[in-house]
Amino acid sequence: MRVIDYTIEPPVVEGNPSLSSINESIIKPLESKPTRGWYIAISISLTMLLIGAISLGVTLWKGVGVWGVNQPVGWGFDIVNFVFWVGIGHAGTLISAILFLLRQRWRTSIARFAEAMTIFAVMCAGLFPLIHTGRPWLDGYLLPYPNQHALWVNFTSPLLWDVFAVSTYFTVSLVFWYIGLIPDLATLRDRTTNKILKTIYSILSLGWRHSGRHWQHYEMAYLILAGFATPLVLSVHTIVSFDFAVSIMPGWHTTIFPPYFVAGAVFSGFAMVQNVLIIIRKVFRIEHIITLDTLEKMNKVMLATGMMVGYAYAMEFFIAWYSGNPIEQFVFLNRALGPYAWAYWTMVTCNVLFPQLFWFRKFRRSIPVMFIVAVFVNVGMWFERFVIVVTTLSRDYLPSSWGMYIPSIYDIGILIGSFGLFFTLIFLFIRTLPVVSIAEVKAVLNSSQPSHGGNH
Amino acid sequence: MENKILYSVSGIFEDVNKLISAVKTVTDSGYTKFDVHSPYPIHGLPQAMKLKPSKLGWVTLVFGLSGALFAFLFMYWVNVIDYPLIVGGKPFYQLPAYVPVMFEVTVLSAAVFTVAWMLFIMFKFPNNSHPLIDTEYMRKVSVDKYGITIQASDPIFDLTRAKEFLQSLGASEVFEIYFRESNVKPKIFDKKFILFLGITSLIVSGVTYFILNHLLFMSPFNWMHEQFRLNPQSKLTFTKPETTNLTPVEGTVARGFLPYPYTDRPDLAEKNLINPLLPTEKTLKVGKEKYLTFCSPCHGNFGHGDSRLKGQFPNPPTLHSDKLRNMKDGGIYHIITVGQNIMPGYASQISSDERWAIVHYIRVLQRAINPKESDLK
């Protein structure tokens, strides 16, 4: 058996590269011409985006009647996708903020990318409640502003809390991301010889000078932002779960929802980050910066959160039985055995069964295995939201008002479009900004910090 | 060279440990206006520079707490004072339900203001014309070198002494850095810049005007016309009736909405219907609220027929006409209930009592404009 010494932290970056070679390997992709692979990738994602745009256009022209939603299932793909995308975003903040506070140095190499993913995912997520209103051009009424009808929003409604949670989350993530980008943008500004790029970088980097006096406040600001982003990310999915838990629908009205949703969000988010990173490190040849050790740690997080989600599935059934409430019991039996049982079992297989492979070191470190498992996790977590939303609504208290939900092609088109938007933004991002935080990676190199008790 | 103003003397260092000990010497020899530049934050540097701990946390505290307080007071004012609305039979003031929004606003204001304060007030950014920017020195420290900069404005600064000092500390290269022309002459009054501002504001205002006044009234954004919807009790055309439960059982009567016998007989309505409510303060309040919500978009806040719909719906006549002032309450009630010509009926949206309250409120408006003799006393 191999003996591993857990007291020594492995280096974050392999091979101990020099500071300038870090610059080279991270900035090179921005300066070279895009590869053919990139063109192929972005044309696929743009096609998906176009499909989404057409579906959305039809929806706007004709109204939400073209979707599959109707009585009694008034929340369909729109809400399922919303919860799914918000969840994807959560991994980014977890990596950049929570792991920062916990001093997990391995986060450095993936934090920038994960944060960018958060922002893009929240953009995709935000789209859905906005179009769900049916007339998105009137969405201004979601905000409490003094309007001519003297109406105010209902501050005690979870749906309004959602507006605040998601918009705060987006803004704070964006600020956090931007603050991290400023030193790197300044480095790009100092490096580039292209006049237009230089102007853009100068404007964006605001005149950052790598000054020691600034770094001190900067690190403080980063710490503060991480400190705020941490409870924020927990609050966001908690509030999303309130959309369900605060109602009185059977299967939704449970106290387990907030932690269950947060765990699920981290779970699916890590799966998405891992999937995309595997491709990026390969394409950009930065395997020594985003190392296999890092990916293995992400798989461990997925294993842990996957178990939490599995626990929640089991606990929901237990509580339904233990509560003695026949309606609650019916809803859960209906989930497992009713008309949407196929969705339920897809979810269980993908979320609980497959991640068990990560108990084995061999699978945790095998790129193909982990990639496939993470794809399954994403599928499973999408179905989790589908199961929650649709099974409860389609069969609630009154059998006379039961009904089935069948998505229309426009629903599916918009879902495809949201993936298109997400990947298009990612592909543009990796071509325009450093995917790895240059300053942060430099700071965690072994030789970059003064040795203690050095020559005084 | 002669007429250039010196900003600083800056030395490049190759090694972190050497840098830290050099910084300590610089600090100890009495320089105050110096700075250190490095491509990443270095542990122990603030201590070596003898900097006081960052006070940024206080900014966060102040703005975070004000955010929380503002959110709380605002929600209290809305829910209890300005717009009390009973939801689910719960009290107006419900602290637990305010917590999520208070929390989000706290985080938002703390995070945004901390960063803005740091960047714009502490660092005085944006500052792209700083003399250090775009120098050989800056290009080095942004990759893999470290630098110490001693400013010429330091009280004990002396050009040759400072240069030798940095060299003696182990600087591999020493630069003299000068202010640029542009540091002296502000660029804001540049013709090009003013032109740029002008064009930008022209485009922005044009686009805004177009969106608010035209785009929003085009299909499919038009506000009220051409709705793909079902009229009450009409036949389903776009989906199968069995898939919905839109059609109620025959003979269903909604609570508070009794059948109305005078649909086609305004004359009988005016004759037979009597306002069951007294014009008490409470009634008038309800009437005002309902009037402002349902009627004011077309009839205007005071009933002058000054619609807010910008011609999207024909403007109604004033409610202060003699015809209406002499009409009995029942007649106005009838118009609200079944509508008149193109004005739709409101029977399905406003309960019968509320309709009567609106009638009272219209009387108040009428008497405010055309008071009776007795009112003037």
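The values are calculated or read from the model by the stated rules, or taken from the named source; none is laboratory data. Keep in mind it's a predicted model, so treat the numbers as computed, not measured. Cβ placement follows ideal geometry from the backbone for every residue including glycine, while neighbour counts extend to all protein chains displayed.
Looking only at segment A:149-196, filter to residues that are facing chain B (nearest Cβ under 7 Å), among the small types (Gly, Ala, Ser) and assigned to a helix (DSSP H, G or I); which one of those is nearest to A:Ser211 (Cα to Cα)?
By that ranking, first place goes to A:Ala186.
Just need a number here: residues in segment B:314-332 that are touching a helix residue (DSSP H, G or I) at 6+ places or on another chain (Cβ under 8 Å) and farther than 20 Å from B:Pro297 by Cβ.
So the count comes out to 6.
Pairs under 7 Å by beta carbon, first residue touching a residue at least 12 places away in the same chain (Cβ under 8 Å) in segment B:57-69, partner aromatic (Phe, Trp, Tyr), six or more apart or different chains?
Close Cβ pairs satisfying both conditions: B:Val59/B:Phe113; B:Val59/B:Trp117; B:Phe63/B:Phe113.
For B:Gln94, only one of the following conditions fails: (1) touching a Phe, Trp or Tyr at 6+ places or on another chain (Cβ under 8 Å); (2) more than 29 Å from A:Trp177 (Cβ to Cβ); (3) at the interface with another protein chain (Cβ under 7 Å from one of its Cβ atoms). What is its number?
Looking at each condition in turn, B:Gln94 falls short on (1).
Could you please let me know if B:Pro261 is at negative phi and outside the structural domain of B:Gln340 (by TED's automatic domain parsing)?
So B:Pro261 fits the description; yes.
In segment B:138-170, which residue that is in contact with a helix residue (DSSP H, G or I) (Cβ under 7 Å, 6 or more places away or on another chain) and assigned to a strand (DSSP E or B) is farthest from A:Ser20 (Cα to Cα)? Let's see the steps before the verdict.
First, the residues of segment B:138-170 that are in contact with a helix residue (DSSP H, G or I) (Cβ under 7 Å, 6 or more places away or on another chain): B:138-139, B:142-144, B:146-148, B:150, B:169-170.
Of the ones still in play, those that are also assigned to a strand (DSSP E or B) are B:146-148, B:150.
On the way: B:Tyr146: 13, B:Gly147: 16, B:Ile148: 19, B:Ile150: 25 Å.
Here the answer is B:Ile150.
So, in segment A:234-251, exactly how many residues are part of a loop (DSSP other than H, G, I, E, B) and more than 12 Å from every other protein chain (Cβ to nearest Cβ)?
Of the residues in segment A:234-251, 3 are part of a loop (DSSP other than H, G, I, E, B) and more than 12 Å from every other protein chain (Cβ to nearest Cβ).
Suppose we filter B:Gly57, B:Gly30, B:Gly11 for residues that are crowded, with 21+ Cβ neighbours inside 10 Å and either more than 7 Å from chain A (Cβ to nearest Cβ) or within 39 Å of the chain's Cα centre (by Cα) (or both); which single one remains?
B:Gly11
Could you please let me know if A:Ser366 is among the small types (Gly, Ala, Ser) and within 14 Å of chain B (Cβ to nearest Cβ)?
Against the criterion (among the small types (Gly, Ala, Ser) and within 14 Å of chain B (Cβ to nearest Cβ)), A:Ser366 does not qualify.
What's the total number of residues in segment A:169-181 that are touching a residue at least 12 places away in the same chain (Cβ under 8 Å) and over 14 Å from A:Ala97 (Cβ atoms)?
Qualifying residue count, segment A:169-181: 2.
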